[in-house]
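Following: one structure in structure tokens, then a few remarks.
The values are calculated or read from the model by the stated rules, or taken from the named source; none is laboratory data. Just so it is clear, the model here is predicted, and its values are computed rather than measured. Here the Cβ positions follow ideal geometry from the backbone for every residue, glycine too, while neighbour counts run over all protein chains shown. Note: accessible area is taken over every heavy atom of the protein model, side chains too, but ligands, DNA and RNA are not part of it. Shrake-Rupley method; radii C 1.70, N 1.55, O 1.52, S 1.80 Å.
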Amino acid sequence: MAKKKMTLPDFKRYKEEGRIFSYVTAYDYTMASIVNESDVEVILVGDSLGMIMLGYDETVGVTMDDMIHHIKPVVKGAPDTFVAGDMPFGSYEIGIEKAVENAIRIYKEGGCDCVKLEGGEEFAETIEAIIKAGVPVMGHIGLTPQTAGSLGGFKVQGGTTEGARKLIEDARRIEEAGAFSLVVECVPSGVAKALKDAVSIPILGIGAGPHVDCQVLVTQDLLGMYGDFKPKFVKQYANIRGQMVEALNQFREESISGEFPSDEYSFNMRVEGFEIE
Ligand code: KIV
């Protein structure tokens, strides 16, 4: 059956029907077209592109222009897949007007289906204003990589009763503000389940255990492309990096031995005066 792009109402409907869906990252046309060919329903052009595409140590340095530059080819490569575009650090914290302006830029210039922004109830008014301006918003709580420093590093969040209650408050406020879905990153499974039960919008879990409405992973992590760093919550479904290195080495060896290019890969028409002895 041909893939049909998820719509905003589908997010809530899937949750009501208990239909689990999946969500992965893409940052370029080729990867987007591969995800589009798969049955995965949602793509995130995440600011994790800072590490994965640009080689940064963290996401903080990613700019609005970086995001738009990467969202555009993903949208082009994945016409049948819902695409979310991340709002980078510094693009929505200064003031509501600036946040609305930048959300509109990402949505309009990038061409994606929604924006995603990190933060709890302190951003509820910002989320409300962006939605009022006509841009759908996906929230993101738990471990929020842009502000990981102030959370004590890349650590599980909501690991105390107080912390878990705060996450539930955040989720309720974000739903009330009008967000259509909510990423929950790195929280204990029981807390993620409580979050799922507390709101009627789908909980998109990454490192949040099995009791959520949708599972999220970074594509390069799940395909085994990125390198040696592998968070506990990542399952590697392939070792594409190993296969790529092997293929590159084979190409090099065959170039040296002359096995490549054989007749199959060469243009062998005869040109007078240019015969090969
Ligand atoms: O930028 C990103 O890849 C993300 C995911 C971790 C959800 O925000």
Check the straight Cα-Cα distances from Lys196 and name the aspartates and glutamates below 16 Å, setting aside those fewer than 8 residues away within the same chain.
Glu16, Glu17, Glu169, Asp170, Glu175, Glu176, Glu185, Asp213
Ser181 long-range amide H proximity, modeled H, under 5 Å:
Gly139
Counting only protein heavy atoms and rolling a 1.4 Å probe, one gets per residue an accessible area for the stretch 8-222 in Å² of 41 Å²
Percent antiparallel among DSSP beta bridges confined to the chain, rounded to 5, stands at 5 percent
Find the percent of Cα-Cα distances in the chain that exceed 28 Å, and round it to a whole number.
39 percent
Under 5 Å, built H, 5+ apart or other chain: amide partners of Gln157:
Leu143, Val187
Low-density loop positions, chymotrypsin sites (Phe, Trp or Tyr not before Pro), the stretch 200-241 - DSSP coil, at most 12 other Cβ in 10 Å:
Phe229, Tyr237
The chain, accessible surface, carbon-and-sulfur percent (1.4 angstrom probe):
54 percent
Over 19 Å (Cα to Cα) among Lys155/Lys230; Lys15/Lys155; Lys12/Lys166; Lys116/Lys155; Lys3/Lys76; Lys132/Lys193 -> Lys15/Lys155; Lys12/Lys166; Lys116/Lys155; Lys132/Lys193
Rg/Rh (Cα only; Kirkwood hydrodynamic radius) as it applies to the stretch 148-198:
0.96
Determine the calculated [θ] at 222 nm for the chain from helices alone, applying -39500 (n - 2.57) to every DSSP H run no shorter than 4 residues and normalising by the residue count; nearest 500 deg cm²/dmol.
-11500 deg cm²/dmol
Here the stretch 184-189 yields Karplus 3J(HN,Hα) values (6.51, -1.76, 1.60; θ = phi - 60°; whole Hz; Gly and Pro given as x) of 10, 10, 6, 10, x, 4
Report, by chain and number, residues whose modeled amide H sits under 5 Å from the one on Phe82, excluding near sequence neighbours (fewer than 5 apart, same chain).
Met6, Ile43
